[in-house]
1. Limited to the range 23-39, what total is found for residues that are touching a residue at least 12 places away in the same chain (Cβ under 8 Å), surrounded by fewer than 16 Cβ atoms within 10 Å (Cβ to Cβ) and of a type outside the set (D, E, K, R)?
2. Please work out if Val81 is touching a Leu at 6+ places or on another chain (Cβ under 7 Å), modelled with pLDDT of 95 or more and surrounded by 12 or more Cβ atoms within 10 Å (Cβ to Cβ).
3. Quickly run through the range 40-95 and pick out the residues that are in contact (Cβ under 8 Å) with a residue 60 or more places away in the chain and part of a loop (DSSP other than H, G, I, E, B).
4. Looking at (1) of a type in the set (A, V, I, L, M); (2) surrounded by 16 or more Cβ atoms within 10 Å (Cβ to Cβ); (3) under 24 Å from Cys8 (Cβ atoms), which is the only condition Met122 fails?
5. Would a scan of the range 1-10 turn up a residue that is at pLDDT 95 or above and surrounded by fewer than 18 Cβ atoms within 10 Å (Cβ to Cβ)?
6. Of all residues being in a helix (DSSP H, G or I) and out of contact with any Phe, Trp or Tyr (no Cβ under 9 Å at 6 or more places or on another chain) in the range 107-122, which is nearest to Lys33 (Cα to Cα)? Just the residue, please.
Amino acid sequence: MKAIIDECGLNNKAYFKKFLDFLYKKYNISRKKEINLLFCGIDKIKELNQQYRRKKRPTNVLSFYGYDDNILGDIAICCEVAKIEAKKLNMDEKEYILFLITHGFLHLLGYNHDTMQDYEKMVNLQKQILQEWSKI
């Protein structure tokens, strides 16, 4: 089961749910494992970043591991930050949000980017996943 909370008015819940279904299938994750996806504004992401990471600034995406075997975790994406970053990268906003969902999802699977080498591997994997998605 997947819950998508859209505080930004993106109006793409079905599209993002389909993408999450694709990720679940790709990584052979039981559909019984719950994931929640929150699209929020700067104030909310800043509050979450402060509360959980002790950083007093907004960020593009946060991931929170599930607390039991039935929950994969939660992903929070700041729509305003995503919009700004997508524009800087000359990317379509919806596609960039998929990039961020993938990033958060990989964190829930245990991927990290503590080093530049790990970061590059993770970004390349995100790009590969989005290429696979684009062929569906």
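The values are calculated or read from the model by the stated rules, or taken from the named source; none is laboratory data. Model, not experiment: these values are computed from the prediction. Cβ sites come from the backbone with ideal geometry, for glycine too, and all protein chains shown count toward neighbours.
1. Of the residues in that region, 1 qualify.
2. No: the conditions fail for Val81.
3. None - no residue of the range 40-95 is in contact (Cβ under 8 Å) with a residue 60 or more places away in the chain and part of a loop (DSSP other than H, G, I, E, B), so the list stays empty.
4. (3)
5. no
6. Ranking the qualifying residues of the range 107-122, first place goes to Tyr119.
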